[in-house]
Structures are given as structure tokens and as C-alpha cells.
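Undergrad: Structure below; questions to follow.
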Amino acid sequence: MRTEQCFSDGWIFEGIEEVCLPHTAVELPFSYLDEASYQRPFSYEKHFDKDPTWEGQEVFLRLDAAMANARVSLNGVEIAAHADGYTPITARMTDVLVDEGNHLEVIVDGTENPDIPPFGGQIDYLTYAGLYRDAWLIVRPKIAIENLKIEPGSFLDDKQSLELNVFTTRYADSENTPRLFIEVLDANLEPVVAQEVDAAQGLTHCSIENLEDIVLWDVDNPYLYSVRITLKSSAGTDVVEERFGFRSAEFKPDGFYLNGRNLKIRGLNRHQSFPYIGYALGKAAQEKDAEILKNELRLNLVRCSHYPQSKYFLDRCDEIGLLVFEEIPGWQHIGGDAWKSEAIENVRRMIQRDWNHPSIIIWGVRINESQDDGDFYQRTNALARELDPTRQTGGVRYHTNSQLLEDVYTMNDFILGEVEPERNEPQRALRPQAEVTGKEVPIPYLVTEYNGHMYPTKATDSEHRLAEQALRHLEVIDAAFGDPNISGCVGWCAWDYNTHADFGSGDRICHHGVMDMFREPKFAAYAYSSQCEPQDGIILKPATYWARGERSIGGVLPLLIMTNCDFVELQYGETTSQLGYPARDRFPNLPHPPIIFETRDFGAQQLGMWGTDWQSGTIRGFLNNEHVATFNLVRNPLPTSLDVIPDAGVISERDAVRVMIRALDQVGNKLPYLLDPVKVSIDGPARILGPRILPLRAGSTGLWLQSTGVGKINLYVRHDRFAPVERTITVQQT
Ligand code: GAL
């Protein structure tokens with residue numbers, strides 16, 4: 001019987017420090033970091049004894065990722081080499097194992113080796129060295145299942161079908177013909193259908209027809225089935241279980257269709273990086289990111305820019321119904337022949353790792369924003385189609401009239417930032433697709449980036465700039481909704497990220513996110529969340545710090561309110577109140593245009609002038625004439641409470657938990673200009689990632705606690721202006 005045991009504990013880093021994976025080779029400061037500091041080789045070692053139960057079985061090590069160019073040796077013999085920093089390395093240990101004192105060594109090289117994608121040019125993100133995902137010890141019979149591809153077919157008929165490809169590996173001859181027992185299980189793991197076939201050498205193909213009463217996987221109902229394969233041979237029994245979903249996903253000239261229904265894509269790009277620790281956060285943080293994208297930002301798609309991301313992240317996308325655009329590593333630069341061959345292998349590895357995820361609807365098989373290269377991209381497309389005929393290909397470019405070898409023209413359209421009103425040209429949010437593609441007839445088309453470096457906005461920027469960032473996102477989403485030939489838009493980007501000195505604000509941060517690096521919303525986050533339907537959550541978010549003198553000239557008008565309410569009432573002080581309605585004239589296509597109070601909506605004196613007193617405000621949201629939400633704004637904010645919110649009260653051994661800290665006024669709004677730091681300390685089985693004295697940035701900060709054992713972690717948070725706060729988080733054994 002196969003066992004897959006977590007092998008992440010007890011590694012020796014650089015010959016001295018005992019570490020647990022995920023691990024980053026060099027922890028970095030939040031900003032002004034030196035990206036050269038991790039660009040060198042590092043060693044990881046592990047000692048272990050052979051378990052007698054492994055006798056007669058095959059033993060493998062799987063590292064879910066190693067950045068980069070890893071070489072794995074066991075007892076001095078090299079057993080695997082893997083250049084790609086984003087897909088797993090599987091190393092067969094069987095022949096080199098000894099009974100006692102096995103010595104495993106992994107050398108990773110953080111150098112930006114120009115022979116390996118994404119390196120060779122400039123890259124606007126960091127590739128933090130280390131064994132930054134989990135490791136596994138796999139013990140399985142000599143005849144075993146290597147991989148499984150599940151291809152659901154005929155989605156929209158009454159009867160469904162499944163094509164299965166079972167890849168087996170034999171390290172021994174079988175005395176009898178190995179048999180495969182195939183079961184399809186529903187979401188409760190109850191069998192739906194079962195079948196039995198002989199296993200061929202290598203690949204066994206099997207069709208399952210006439211499945212009835214199948215529930216489709218959808219963004220609102222992400223119903224997951226599983227296939228369980230049991231392989232029986234004279235070498236023993238091997239069992240593998242994989243989840244999948246029945247769904248159809250197709251980009252057409254008139255938009256994207258999920259299960260035959262037109263669905264406008266509303267997405268953001270995600271980098272998998274975190275402050276201090278780079279890529280090296282495990283299951284809980286990966287899952288949380290997916291949940292933030294789906295439940296807080298209310299997106300229906302995430303683009304994994306610009307590389308394959310964690311399986312934990314993708315699994316969660318499957319579970320919660322978040323569509324995924326996944327792509328190979330790269331950034332503008334295309335290298336020489338060896339580099340290209342490695343990129344082709346990246347296509348293979350990405351698809352073979354991820355082909356069963358129903359959330360993935362398109363493969364990105366171009367190097368992000370690279371120039372056309374017919375031969376190279378013929379090869380990437382051909383391979384993707386051969387491996388997975390069920391999904392369309394895309395390839396992200398920023399130039400027009402590009403050679404289309406993919407199924408979908410996926411375009412970074414930064415036009416909104418490119419045309420300045422002072423040049424007397426009208427600003428446009430997006431170009432019509434014909435202007436980009438140069439083709440007279442519409443083709444499947446998706447906008448994969450916009451905004452970003454065209455309008456970098458720090459969480460600590462002024463209210464005016466933060467509101468303008470939100471407006472720019474609203475404008476592009478509106479344009480995408482208004483053009484039936486645009487399948488949707490995926491903005492740059494979900495959260496700020498550390499980057500090289502060639503990009504960003506000099507502080508090694510691209511402040512392009514609608515959230516900051518802790519995943520704390522800027523106003524622009526609400527441009528997305530406010531597009532959800534009220535039954536999924538009422539959103540009422542004004543883009544203001546509500547002060548007389550924060551903006552130039554003074555006052556809070558025009559006041560942008562992002563909401564899915566029918567209308568709002570803005571009350572100023574006791575006497576002035578005004579109703580406001582969605583700005584449908586300016587945003588004709590948005591499901592929920594924002595409400596904008598303009599200067600003309602109020603009489604000259606109604607909100608007071610510079611030199612008169614400043615009043616508190618209240619915004620009330622109404623749906624079907626019923627008052628459903630209230631947002632209070634106070635005239636004289638004072639530090640009143642310190643919110644300390646861990647993402648979870650109970651976490652698993654080895655996991656990390658994010659804790660958000662917010663300095664709030666009397667009515668629960670953040671104090672954006674309270675600059676005094678918070679001090680954090682802990683006792684219990686954990687370590688604080690990053691510093692213990694944290695500046696508040698726009699009224700909040702965050703931290704991750706990495707568990708180091710099981711038991712209770714007590715977290716103490718102090719700030720001179722608030723009463724101290726204590727939180728307890730329990731770490732449970734897995
Ligand atoms: C794009 C690129 C992204 C990011 C973005 C910033 O050109 O694809 O990775 O750099 O610009 O706006």
C-alpha cells in the first residue's frame with residue numbers, strides 16, 4: 001500500500017541550522033531589501049533511517065518546489081536534478097538507500113541563471129531561493145500509478161462521460177496482469193460508478209459512459225467528484241485518489257462561457273510572495289489567499305502571474321469556485337535554445353501536475369509579455385494541446401497585431417494610463433479588441449492586466465490618490481463589461497509585492513496592489529468587491545478619511561462610494577442630508593456603479609467651508625427602499641481600540657497564521673496617519689516572522705506566526721495609545 005508521509009521536518013540548512021519546510025534561504029526586510037542576498041547556492045541536508053516496512057517497495061522523495069536549479073543526492077549519489085523553481089522534483093531513492101544513516105542533500109542555487117526561465121533579462125518580481133514548499137516521502141509498490149488524467153466530456157448533455165488515462169510505472173515484472181479498479185466518487189466519497197480493466201504497460205486508457213444526474217462544478221457550486229484507482233498486481237496494491245469536476249469552460253468571440261452560460265471574468269493577478277519570508281508559507285496561507293480573492297475581493301478568476309503556484313492554493317480554488325489562469329515562468333525575455341527547451345518542459349510539468357483542477361480554465365503558454373516567436377510558440381501550443389485537449393491556450397502579450405498561435409488572445413491593455421488628458425486626447429479604459437488584434441472578425445479575447453505601474457498607489461498615499469486608483473479600476477471593469485467581445489478583465493494586481501531595483505518605488509516594492517503586502521484592502525479593493533450581488537454580501541465603502549483638510553482645497557467631494565446598494569443617504573452633521581444614486585451615466589456597464597457625490601450636489605455652505613466646524617458623517621445604504629447598511633465617519637477621530645485579528649484560532653502544526661492589527665477610532669475606522677509603532681511578543685510554540693516592532697501603515701499592519709510545535713501560542717500586542725491586547729492561538733497536531 002502506498003504511503004505519502006510529510007518529510008518537511010528535520011532538515012539541516014547550510015550545515016548548521018535545523019529547519020522545517022517551507023523554508024526561505026534568506027529572510028528579508030519588508031522593504032529596501034538586497035535582492036542579491038539570496039542569489040547564491042544553499043544546502044539542505046536530512047538524515048534518516050530506512051524503515052523495515054519499505055523493504056521490497058519503491059521509495060521516492062518529492063520536493064514540491066525548490067528555487068532553483070536543484071540537485072538532489074542521496075548517500076553521495078546524485079538522484080535528481082531540476083532547474084525549474086515552480087514544479088515538483090521527484091527523486092527515486094530506492095537503489096541508494098541504506099538501512100541506517102541515509103544522508104540526503106539538496107543544493108539549490110538562487111543565482112538568476114540565464115539558462116533557466118524566468119531568468120536572463122529583468123524580472124518584475126523576486127524568486128526567493130529555498131525549499132519553499134513541502135517535502136514528501138513516498139513509499140509505493142514496485143508496480144504503481146505514476147499519474148492520472150481525468151477528462152470529463154459531453155458536459156451539457158443529460159449523460160456525462162469520463163476519459164481516464166492512468167499512467168503506471170513498473171520497477172518489477174508482474175506475475176499476473178495488473179488490474180485497475182476504477183471508482184468515481186461523489187463529493188461525500190460515495191461511489192457513483194465502478195469499473196475494472198487490465199492495466200497496460202505505461203498508459204491505460206479507460207472510458208466511463210452514461211453517468212447520470214451529475215452535478216456540474218461551477219463558481220457558485222464548486223461540486224467536486226473524485227476518481228479512486230486501485231492497482232492490483234503481484235507487486236502489491238497501489239491506490240491513488242484525485243479530485244475533479246464536471247464543467248465546460250470556453251472562450252468564444254462573444255465572451256467566456258462556463259457550463260454554457262456567459263460569465264464576464266472579473267479577476268486580479270496574484271504573486272505568491274509574502275513579506276519577509278518570500279514564497280515560503282504553507283497550506284494555511286496559500287488557502288487564505290484563495291479565500292481573500294474569492295470572498296473578500298469577490299473575484300471569479302485569479303491569474304497565477306507568472307508561474308505555477310502552490311497545489312494548496314489551486315486545491316482551494318477548486319473547493320471555493322475560483323477560476324484560474326495558470327502560466328509558465330517568464331517575464332518578457334526569451335533565451336536561447338537550451339532556455340527554450342526548458343520552457344517547453346515547463347509547459348509539460350505545469351500541465352501534468354495540474355490537469356485535473358476544474359478551476360483551471362486556460363493554460364498560459366507564452367512567456368509573459370514576450371515578443372512573437374513563431375517556432376517557439378508553435379511548440380508550446382502544440383504540446384499543451386497534445387497533453388490536454390480539454391483546455392484552451394492563451395499567452396499574455398502587451399503588443400498589438402501579435403501572431404496568434406493560441407486559442408485566446410490574452411492582452412495586457414494599459415491604455416488607460418497611456419493617454420494623458422492634458423494631451424487633449426480622450427482617455428480610454430480599454431481598446432476594442434479589433435484595434436489590438438488587427439483582425440476584422442472578433443476572436444476569443446481576454447484582458448489579462450491593466451493599471452499596475454500606470455498608477456502605483458501606496459496604502460500610505462493620500463486619500464485622493466487612493467480614490468483615483470479605485471476609479472481607474474472601476475473604469476476598466478466598466479469597459480470590459482461594456483464590450484461583449486471582451487471576455488473580462490484581470491487587473492494588475494491583487495497585492496503589492498517585493499521586486500528588483502529595476503522596478504517599484506526604490507523600496508523594492510511594486511505598490512500596484514488593490515491590497516497591500518499583508519492583503520489589507522486599499523480603496524481599490526472595493527472596486528471589485530462592490531460588483532457582487534447584495535445577496536452575497538452588502539458592500540458600502542466610501543473612499544475617504546473624512547477630514548476637512550486631507551485633500552487639496554479641502555473637503556471630501558467628490559466622494560466616491562463603492563456599493564451594491566440601490567442608493568445611499570449621506571448625512572453631514574445633524575441637519576444636512578442628501579440622497580445619492582449609482583453613477584450609471586459614467587459607468588453604464590458595471591453591475592453596480594459607484595455612487596459619487598459631487599460638489600454640485602450640495603449647496604455652497606452645506607458641508608461647511610475652510611474655517612467652519614467639521615461634522616461627523618453617516619452613510620446609509622438602501623436596497624428595495626429598506627435601510628440595510630450604515631457607514632459612520634467621525635469628525636474627530638481618536639485612537640480608541642486596537643483590533644488584533646488572527647485568521648484562525650486553531651492552526652495545524654507547521655502552519656503559519658496571519659494576524660492583522662488595526663488602529664481604530666471611535667466608530668471603528670482605521671486611523672491612517674497614526675504612525676507610532678506596535679510592539680508584538682509571544683510565548684508558546686511559534687516564531688514571529690519579521691520584526692517585533694511594526695510600523696502602522698495606513699492604520700494597519702500584519703504579521704505571520706509560524707508554529708514550531710503544538711500547544712497554545714499567546715500573542716501580546718502593545719501600542720502606547722491603546723490598552724494592550726492578548727490573543728491565544730492553538731496549534732494542533734496534524
Ligand atoms: C506588466 C507585467 C507585470 C507587472 C506589471 C506592472 O508589464 O506583466 O508583471 O510588471 O506590468 O504594471
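The values are calculated or read from the model by the stated rules, or taken from the named source; none is laboratory data. Because the structure is a prediction, the values reported are computed rather than measured. Cβ sites come from the backbone with ideal geometry, for glycine too, and all protein chains shown count toward neighbours.
Undergrad: Within segment 441-464, track down each residue that is within 16 Å of the ligand (Cβ to nearest atom) and either more than 18 Å from His399 (Cα to Cα) or of a type in the set (Lys, Arg) (or both).
TA: Tyr455, Pro456, Thr457, Lys458
Undergrad: Let me ask something additional. Tell me which of these Asp676 doesn't satisfy, since it passes every other one: (1) over 29 Å from the mean Cα position of the chain (by Cα); (2) part of a strand (DSSP E or B).
TA: All conditions are met except number (2).
Undergrad: Limited to segment 36-65, what total is found for residues that are under 19 Å from Val108 (Cβ atoms) and either in contact with an Asp or Glu (Cβ under 9 Å, 6 or more places away or on another chain) or modelled with pLDDT under 95 (or both)?
TA: Qualifying residue count, segment 36-65: 12.
Undergrad: Does segment 414-431 contain any residue that is modelled with pLDDT of 95 or more and out of contact with any helix residue (DSSP H, G or I) (no Cβ under 6 Å at 6 or more places or on another chain)?
TA: no
Undergrad: Looking at Ala663, Ala656, can you tell me which residue is of a type outside the set (D, E, K, R) and touching a Phe, Trp or Tyr at 6+ places or on another chain (Cβ under 6 Å)?
TA: None of the others qualify; the one that does is Ala656.
Undergrad: Of the residues that sit in segment 679-695 and are of a type outside the set (A, V, I, L, M, F, W, C) and over 15 Å from Val644 (Cα atoms), which one is nearest to the chain's Cα centre (by Cα)?
TA: In this case the residue turns out to be Gly690.
Undergrad: Just to be sure before I move on: is Ser359 touching a Lys or Arg at 6+ places or on another chain (Cβ under 8 Å), within 18 Å of Val408 (Cβ to Cβ), touching a residue at least 24 places away in the same chain (Cβ under 8 Å) and among the hydroxyl-bearing types (Ser, Thr, Tyr) in the structure I sent?
TA: no
Undergrad: If we scan segment 165-177, do we find a residue that is without any contact (Cβ under 8 Å) to a residue 60 or more places away in the chain and small (Gly, Ala, Ser)?
TA: Within segment 165-177, not a single residue is without any contact (Cβ under 8 Å) to a residue 60 or more places away in the chain and small (Gly, Ala, Ser).
Undergrad: Another question about this same structure. Pairs, please: C-beta under 6 Å, at least 6 apart or cross-chain, first residue within 26 Å of Leu383 (Cβ to Cβ) and in segment 396-419, second within 11 Å of the ligand (Cβ to nearest atom) and charged (D, E, K, R)?
TA: Filtered contacts from segment 396-419: Tyr398/Glu369; Asn412/Glu449.
Undergrad: Also: Could you pull out every one of the strands (runs of 3 or more DSSP E) wholly within segment 222-262 that has 2 or more residues that are farther than 29 Å from Val197 by Cβ, modelled with pLDDT of 95 or more and of a type in the set (D, E, K, R)?
TA: Ranges flagged: 249-252.
Matching residues to (1) surrounded by fewer than 18 Cβ atoms within 10 Å (Cβ to Cβ); (2) closer than 19 Å to Val19 by Cβ; (3) within 16 Å of the ligand (Cβ to nearest atom):
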residue: Thr53; (1), (2), (3): yes, no, no
residue: Ala70; (1), (2), (3): no, yes, no
residue: Gly76; (1), (2), (3): yes, no, no
residue: Thr87; (1), (2), (3): no, no, no
residue: Met93; (1), (2), (3): no, no, no
residue: Gln122; (1), (2), (3): yes, no, yes
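Undergrad: Going by the structure shown, is Thr730 touching a residue at least 40 places away in the same chain (Cβ under 8 Å) and either under 30 Å from Asp134 (Cβ atoms) or in contact with a helix residue (DSSP H, G or I) (Cβ under 6 Å, 6 or more places away or on another chain) (or both)?
TA: It is true that Thr730 is touching a residue at least 40 places away in the same chain (Cβ under 8 Å) and either under 30 Å from Asp134 (Cβ atoms) or in contact with a helix residue (DSSP H, G or I) (Cβ under 6 Å, 6 or more places away or on another chain) (or both).
Undergrad: Quick one: Thr457 ticks every box in (1) within 22 Å of the chain's Cα centre (by Cα); (2) farther than 20 Å from Pro558 by Cα; (3) of a type in the set (S, T, N, Q) bar one, so which box is it?
TA: (2)
Undergrad: Which pairs have Cβ atoms under 7 Å, sit 6 or more apart or on different chains, and link a residue in segment 485-503 that is touching a residue at least 24 places away in the same chain (Cβ under 8 Å) to one that is of a type in the set (A, V, I, L, M) and within 11 Å of the ligand (Cβ to nearest atom)?
TA: Note: pairs meeting the criteria are His500/Ile123.
Undergrad: If we keep just the residues of segment 470-496 that are of a type in the set (Asp, Glu) and within 23 Å of Thr437 (Cα to Cα), which is farthest from the ligand (Cβ to nearest atom)?
TA: The qualifying residue farthest from the ligand (Cβ to nearest atom) is Asp483.
Undergrad: If you go through segment 278-294 one residue at a time, do you hit one that is buried (at least 24 other Cβ atoms within 10 Å of the Cβ), among the acidic types (Asp, Glu), within 30 Å of Asn346 (Cβ to Cβ) and touching a residue at least 60 places away in the same chain (Cβ under 8 Å)?
TA: yes
Undergrad: If we scan segment 284-302, do we find a residue that is among the polar types (S, T, N, Q) and under 11 Å from the mean Cα position of the chain (by Cα)?
TA: yes
Undergrad: Okay, moving on. Determine whether Pro639 is in contact (Cβ under 8 Å) with a residue 60 or more places away in the chain and either in contact with a strand residue (DSSP E or B) (Cβ under 7 Å, 6 or more places away or on another chain) or aromatic (Phe, Trp, Tyr) (or both). Steps first, answer last, please.
TA: Details: in contact (Cβ under 8 Å) with a residue 60 or more places away in the chain: yes; either in contact with a strand residue (DSSP E or B) (Cβ under 7 Å, 6 or more places away or on another chain) or aromatic (Phe, Trp, Tyr) (or both): yes.
The answer is yes for Pro639.
Undergrad: Sticking with this one: Can you name every residue in segment 696-724 that is in a loop (DSSP other than H, G, I, E, B), surrounded by 13 or more Cβ atoms within 10 Å (Cβ to Cβ) and under 29 Å from the mean Cα position of the chain (by Cα)?
TA: Leu696, Ala698, Gly699, Thr708, Val710
Undergrad: Right, something else. Checking Glu4 against (1) in contact with a strand residue (DSSP E or B) (Cβ under 8 Å, 6 or more places away or on another chain); (2) over 16 Å from Leu104 (Cα atoms); (3) surrounded by 14 or more Cβ atoms within 10 Å (Cβ to Cβ), only one condition comes out false. Which one?
TA: (3)
Undergrad: Anything in segment 586-623 that is under 14 Å from Trp546 (Cα atoms), surrounded by 14 or more Cβ atoms within 10 Å (Cβ to Cβ) and modelled with pLDDT of 90 or more? List them, or say none.
TA: Phe597, Trp614, Gln615, Ser616, Gly617, Thr618, Ile619
Undergrad: Filtering segment 369-386 down to residues that are touching a residue at least 24 places away in the same chain (Cβ under 8 Å) and small (Gly, Ala, Ser), which residue is surrounded by the most Cβ atoms within 10 Å (Cβ to Cβ)? Even if it seems obvious, please write down each step before you answer.
TA: First, the residues of segment 369-386 that are touching a residue at least 24 places away in the same chain (Cβ under 8 Å): 369-374, 376-381, 383-384.
Of the ones still in play, those that are also small (Gly, Ala, Ser) are 370, 374, 384.
Details: Ser370: 22, Gly374: 9, Ala384: 27.
So, considering only residues that are touching a residue at least 24 places away in the same chain (Cβ under 8 Å) and small (Gly, Ala, Ser), the one surrounded by the most Cβ atoms within 10 Å (Cβ to Cβ) is Ala384.
Undergrad: Could you list all residues from segment 13-54 that are under 30 Å from Tyr171 (Cβ atoms) and either outside any loop (DSSP other than H, G, I, E, B) or of a type in the set (Phe, Trp, Tyr) (or both)?
TA: Passing the criteria: Ser43, Tyr44, Glu45, Lys46, His47, Phe48, Pro52, Thr53, Trp54.
Undergrad: A further question follows. Name the one entry in Glu112, Glu151 that is over 30 Å from Phe246 (Cα atoms) and either within 16 Å of the ligand (Cβ to nearest atom) or of a type in the set (Asp, Glu) (or both).
TA: On the way: Glu151 fails: over 30 Å from Phe246 (Cα atoms).
Residue meeting the stated conditions: Glu112.
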